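Data first, discussion second: the structure below is written as structure tokens.
Only the coordinates and a few stated rules stand behind these numbers; no lab work does. Just so you know, these numbers come straight off a predicted model, no measurement behind them. Here the Cβ is made from the backbone with ideal geometry for all residues, glycine too, and neighbour counts use every protein chain on show.
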Amino acid sequence: MEVAAMKKLLTATDPRRLEFNTKYKQSLRYYFNENDITLRNNGESKVEEHGKDELLRSADNRVSNNYHQLLVDQEAGYVATVPPSIDVEDDTLNDKIKDALGDNFNLRLNQLVIDTSNAGKGWLHYWIDEDNHFRYGIVPPDQVTPIYSSDLTRKLIAVRRTYSQLNPEDGKTYNVHEYWTDKDVTVFTSKSGDYRDLQPYTDRFTFYDITTGEITGTTNVYNHQFGRIPFIGFQKNKFERPELNKYKGLIDVYDNVYNGFVNDIDDVQQVILVLTNYGGESLEEFKKALKKDKAVKFESMSPGDKSGLDKLTIDIPVEARNSVMESTKGDIFVHGQGIDPTKFEANNATGVAIKMLYSHLELKAAQTESYFRDSVSELIRAIMKWLNIADADIRPINQTWTRTAIQNDVEQAQIVSSLSNITSDENIAKGNPLVEDWQEELELRKDDVVKHDGFDNPGAFDDLKPDDDNPNDDEVEE
């Protein structure tokens with residue numbers, strides 16, 4: 001791609017990129033507990049008993065409540081603590097795919113759940129390193145701007161990736177713009193916001209002479225030879241909307257009521273005395289008399305002049321505020337489809353009760369899983385392509401996702417035991433509460449069968465005795 005064409009593409013995609021990143025940054029603020037209530041404090045929660053210059057209302061506490069992070073991490077832990085088990089109907093190939101995914105596959109999925117919850121869509125990028133190993137990593141959502149076809153298939157036809165990079169030579173930061181297609185990637189750099197200084201990043205890729213290993217040149221274009229764009233999108237829902245949109249208003253209401261409550265508690269400690277027809281000459285005299293004699297002298301002008309001492313205080317509507325806060329917090333967990341930890345009372349609860357507790361979270365997790373399945377399959381097919389599997393694009397891929405939830409292990413074990421005679425070994429292994437890897441459990445079961453059937457135990461027939469009722473026993477030779 002030429003510089004002029006890249007300028008047009010950057011300018012055309014900027015509005016959509018800016019809108020997306022604005023929503024993403026807002027979600028990140030709430031994820032980092034920097035709610036709107038703290039904007040005046042640059043995102044920092046502060047307790048200020050005398051933050052305002054007002055006589056009765058001087059407290060200005062601004063403390064944010066981190067419900068968004070709690071809801072997002074609940075789902076990420078529930079869905080992605082245990083990575084999905086992948087089966088392509090070939091044990092040898094399964095092991096190779098597992099090795100390519102690596103030990104941190106669950107952490108990458110966990111990060112993708114968090115990214116998609118905050119941005120509506122997350123991105124994974126894969127490549128082949130210099131040692132010919134398959135590698136993949138998570139790209140921050142605000143770096144990627146996808147370009148889709150306009151037909152109903154909505155095929156990914158290109159990807160714009162923009163990020164900042166420090167130049168160690170001059171210590172300045174500049175923007176790197178990558179344009180990916182199914183054939184190559186072209187890289188440009190710029191410093192100005194209007195791209196007037198856009199130029200090819202000519203030193204981005206290096207050519208080597210295969211025979212001598214010497215550098216023969218540099219370029220800003222690289223032919224990746226994947227046959228597809230090496231970016232995989234993971235979307236949260238059909239409309240790719242951040243989770244915060246569901247309950248941001250409720251969190252803001254809770255923050256306002258909560259901090260108003262705290263402000264009132266601080267302000268109510270300030271009691272202002274109102275003196276009418278005080279008989280003394282100064283406030284100092286009043287303080288001394290009140291402290292020493294526990295009494296104050298007043299001059300009454302007439303029977304109905306209301307001479308005396310009164311006080312100004314702030315009344316706190318405790319019940320009303322408690323009711324609003326409790327109701328708002330409940331709505332946050334309902335609309336956020338999460339579990340309120342303060343409501344978790346599941347001592348010796350039955351499996352049905354625990355399932356009901358997780359019902360809202362399970363609905364959200366099931367939707368996330370349904371959208372993630374296609375993306376995980378695309379990653380597995382990319383790995384099989386790298387392994388030169390001929391039918392990589394059509395081979396069936398089975399995924400088994402495991403939820404991480406509190407359960408009644410005793411009840412689950414009893415169910416598994418009662419069904420062991422009428423249920424397949426595979427389903428028994430999957431349902432066993434003590435088993436983390438059901439495929440490994442099946443292998444261990446096979447080994448146990450071999451060990452206990454007698455053929456792998458030289459002394460298994462030492463106690464064999466003749467049967468007196470069997471006339472052929474005399475023919476048995478020891």
Discussion item. Taking the beta-carbon count within 10 Å as an exposure proxy, list Thr328, Thr423 from fewest neighbours to most.
Written reply: Thr423, Thr328
Item to complete: Net charge near Leu250: determine it from the other residues with C-beta under 12 Å of the C-beta of Leu250, scoring Lys and Arg +1 and Asp and Glu -1.
Response: 0
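First select every other residue whose beta carbon is under 11 angstrom from the beta carbon of Gly120; then total the charges, Lys and Arg +1, Asp and Glu -1. Please list the in-between numbers first.
Working: positive: Lys23, Lys121, Lys236, Lys238, Arg241; negative: Asp115, Glu240, Glu243.
Value of the local net charge: +2.
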Practice prompt. State the Cα centre-to-centre distance between the range 15-74 and the range 366-404 in whole Å.
Written response: 39
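Taking neighbour Cβ counts within 10 Å as the exposure measure, how do Phe205, Phe20 sort from fewest upward? Numbers along the way, then the final one.
Values: Phe205 15, Phe20 19.
The fewest-first ordering by Cβ neighbours comes to Phe205, Phe20.
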Discussion item. Suppose each label sits 7 Å from its Cα in the direction of the beta carbon; what would the Glu19-Asn388 distance come out to in nanometres?
Written reply: 4.7
Worksheet item: Long-range amide H contacts for Asp184: which residues qualify at under 5 Å (H placed 1.01 Å from N, peptide plane, sequence gap of 5 or more or a different chain)?
Response: His224
Item to complete: Using only the Cα atoms, work out Rg/Rh for the range 127-268, with Rh taken as the Kirkwood radius, to two decimals.
Response: 1.17
Fill in: Estimated distance in nm for a label pair at Arg241 and Gln199, the labels positioned 7 Å out from Cα along Cα-to-Cβ
4.6
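Once the piece of chain linking Asp90 and Asn223 is laid out straight, how much longer is it, given 0.36 nm per residue of separation minus the C-alpha distance between them? Could the numbers behind the result be given before it?
Numbers: separation 133, 0.36 × 133 = 47.88 nm, distance 3.17 nm.
Value of the extension gain: 44.7 nm.
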Worksheet item: Quick one: Karplus J couplings for the range 109-124, per residue in order, coefficients 6.51, -1.76, 1.60, θ = phi - 60°, nearest Hz, x for Gly and Pro?
Response: 5, 4, 5, 5, 5, 5, 4, 5, 5, 8, 10, x, 8, x, 9, 10
Item to complete: May I ask for the net charge around Asn41, where only other residues with Cβ less than 15 Å from the Cβ of Asn41 are counted and Lys, Arg are +1 while Asp, Glu are -1?
Response: -2
Item to complete: Let me know the Rg and Dmax you get for the range 63-221 when you use only its Cα atoms, in Å.
Response: 19.9, 65
Item to complete: Could you list His68, His335, His133 in order of exposure, starting from the residue whose Cβ has the fewest other Cβ atoms within 10 Å?
Response: His133, His335, His68
Discussion item. Largest first and in whole Å, what are the equivalent-ellipsoid semi-axes of the range 155-235 based on the Cα gyration tensor, each being the root of 5 times an eigenvalue?
Written reply: 22, 22, 10
